[in-house]
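The block underneath contains the structure these notes are about, expressed in structure tokens.
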Amino acid sequence: MGKYWNEEIECMEPEKMRALQSERLVKQVRHVWDNVPYYRKKMEEKAVTPDDIKGIEDLHKLPFLSKADLRDAYPYGLLAKPLSDCVRIQSTSGTTGKRVVAFYTQNDIDLWEDCCARAITAAGGTNEDVCQVCYGYGLFTGGPGLNGGSHKVGCLTLPMSSGNTERQIQFMMDLESTILCCTPSYAAYIGETLHKMGYTPDDIKLKAGIFGAEPWTEEMRQEIEKSLGIKAYDIYGLTETSGPGVAFECECQTGMHINEDNFIAEIIDPDTGEVLPDGTKGELVFTSITKEAFPLLRYRTRDICVLTRGKCKCGRTLVKMAKPMGRSDDMLIIRGVNVFPSQIESVLLKMSNASPNYQIIVGRENNTDTFEIRVELTDEMFSDTIRSIEELERKIGQDMLSVLGIKAKIRLVEPNSIPRSEGKAVRVIDTRKLV
Ligand code: DLL
């Protein structure tokens, strides 16, 4: 097995790739028009029909889709295949509120796992490897996606999921894992725990890591590479487009190659929607040209990014995306989980005795995100007994956990102690240096 999973596609001449994308796009638009009344209506509103889309040069004529559309159409409104043809759903890492549910046919799963197989192969993976997957399994796409890719490559796959770090390290040693797949913050934590347990990278057999699902810096890469004695590769994806594997890094570590045979990438101005030229910073938009069950056209990711073309030193011709440089909405990714401030607000608004004045403090200690929610007490609560204040703190903590899917430290603060702002409230203080 070589260093490409699919050399023909990964190293395809750009003109040939454009032709392939055009052909697939035309078919996909017809499929969506015929099977998704929600999107057909959006096209009609823009006075576009499938006959107007003759190739990739017409892509800009299509309407955008956004998370708001996914919410409006929840759960089945964007489904393009009968449910009887679907074999799986996956969902975003956040929980209630902004839940995204994506559907897959068996063919969709095969293509998705193929994308992950490309990522594992680019990281040096072969059927000789032992691949330890510590992304979450279940609704989150990380575990199932990399697990499937690892099977395809023929690695011995360890479906560990996250947590129980000492056990992870024990397995890593006993089974001589060579590839680690998890979020970069968990990788850093595993590295730290390894050293705390008295081991060094010489005691393990890891050679590569495939890390994504959240922003991470070059400094963090170096730190992880050193603490685990590996080469660390970035991987990008989102539930809406299938999951991890939309883009993956090669040994050059200079951006992630987008699997263009499955996804057409565009960069737009987030305010005007205008398509921007390659090399310009803007919002990343994807069109799925091979997905059958949940084929989103011109989906606005909200990730701010830059695309660059040109043959990479690794030989791949697939367009490269830079590490995402932020978001054009207010979504935070805390310990790999997508969190929207509006979810926090909705929990507080449902409580009669807490005020909706809050502030989210996010930081990073020992490579793990810290997450605190400060909530102002109302005047009545402030004069209440310590016991009832503690009870309130506990209740807010529980409700936040069930809505957000991760634990936050709740700190109740005095009435009027959170600074008021004359413009937009400063709800989030994020001291992590992620870009
Ligand atoms: O995070 C899918 C995934 C799993 C990707 C495992 C990579 C590895 P969602 O939960 O839907 O899906 O979150 C998608 O996470 O829009 C980005 O903002 C962010 N994100 C994903 N990968 C990266 C990355 C998965 N490598 C959202 N760098 C996306 C920075 C990332 N941000």
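How long, wide and thick is the chain, going by the Cα atoms along their three principal axes, in whole angstroms, largest first?
Taking the Cα atoms of the chain, the three principal extents are 71, 61, 42 Å.
Contact order normalised by length for the range 7-329, with contacts defined as Cα pairs under 8 Å and 6 or more residues apart; what percent is it?
Rounded, it is 18 percent for the range 7-329.
What distance in nm separates the simple spin-label points at K409 and E8, each placed 7 Å from Cα in the Cβ direction?
5.6 nm
Looking at the range 333-430, send over the antiparallel percent of its DSSP beta bridges, to the nearest 5.
Bridges in the range 333-430 are about 60 percent antiparallel.
May I ask for the distance between the Cα centers of the range 154-189 and the range 290-315, given as a whole number of Å?
Centre-to-centre (Cα) distance: 28 Å.
Can you put V32, V246, V403 in order, fewest other beta carbons within 10 Å first?
Exposure proxy ranking, most exposed first: V403, V32, V246.
Take T254, project a point 7 Å from its Cα along the Cβ direction, then tell me which residues of the range 309-341 have their backbone nitrogen under 16 Å from it.
Backbone N within reach: 309-323.
Given the pairs K291/K409; K226/K313; K291/K350; K207/K409, which are separated by over 30 angstrom at their Cα positions?
Correct reply: K291/K409; K291/K350; K207/K409.
Give me V130, V153 ranked fewest to most by other Cβ atoms within 10 Å of their Cβ, as a rough exposure proxy.
If I rank by nearby Cβ atoms, fewest first, I get V130, V153.
Quick one: of the DSSP bridges fully inside the chain, what percent are antiparallel, nearest 5?
Once the DSSP bridges in the chain are tallied, antiparallel ones form about 60 percent.
Can you put D399, D261 in order of Cβ neighbours within 10 angstrom, beginning with the fewest?
D399, D261
Using the Karplus curve 6.51 cos²θ - 1.76 cosθ + 1.60 with θ = phi - 60°, what ³J(HN,Hα) values do you get for each residue of the range 355-364, in whole Hz, with x for Gly and Pro?
Coupling constants for the range 355-364: 8, x, 7, 9, 9, 9, 10, 10, x, 9 Hz.
What residues from the range 236-263 fall in the zone where the backbone N is under 13 Å from a label point 7 Å along the Cα-to-C-beta line of K313?
Answer for this model: 250-255.
Taking 7 Å along the Cα-to-C-beta vector as the label spot, tell me the T368-T193 distance in nanometres, rounded to one decimal.
0.9 nm
Express in nm, to one decimal, how much length is gained between Q222 and A47 on full extension, taking 0.36 nm for each residue of separation and deducting their alpha carbon distance.
57.9 nm
Along Cα→Cβ, 7 Å out, is where each label goes; now give me the distance between the ones at D34 and I89 in nm to one decimal.
Each label point lies 7 Å from its Cα, and together they span 2.6 nm.
Where in the chain are the helices, taken as whole DSSP H runs, whose Cα atoms extend 20 angstrom or more along the long axis and whose Kyte-Doolittle mean reaches at least -1.0?
106-122, 386-404
Residue-wise, which Karplus ³J(HN,Hα) couplings in Hz belong to the range 317-327, taking 6.51 cos²θ - 1.76 cosθ + 1.60, θ = phi - 60°, and x for glycine or proline?
Couplings: 10, 4, 3, 10, 9, 6, 4, x, 9, x, 10 Hz.
Can you give me the Cα centroid spacing of the range 38-94 and the range 197-250 in angstrom?
32 Å
In whole Hz and in residue order, list the ³J(HN,Hα) couplings for the range 253-261 that follow from phi through the Karplus curve 6.51 cos²θ - 1.76 cosθ + 1.60, θ = phi - 60°; x for Gly and Pro.
Taking θ as phi minus 60°, the curve returns 6, 10, x, 10, 6, 8, 6, 5, 6 Hz for the range 253-261.
Bear in mind that the values in this text are calculations on the coordinates, not laboratory data. Quick caveat, the model's predicted, so the values are computed rather than measured. Neighbour counts are summed over all protein chains in view; Cβ atoms, including those assigned to glycine, are modelled from backbone coordinates with ideal geometry.
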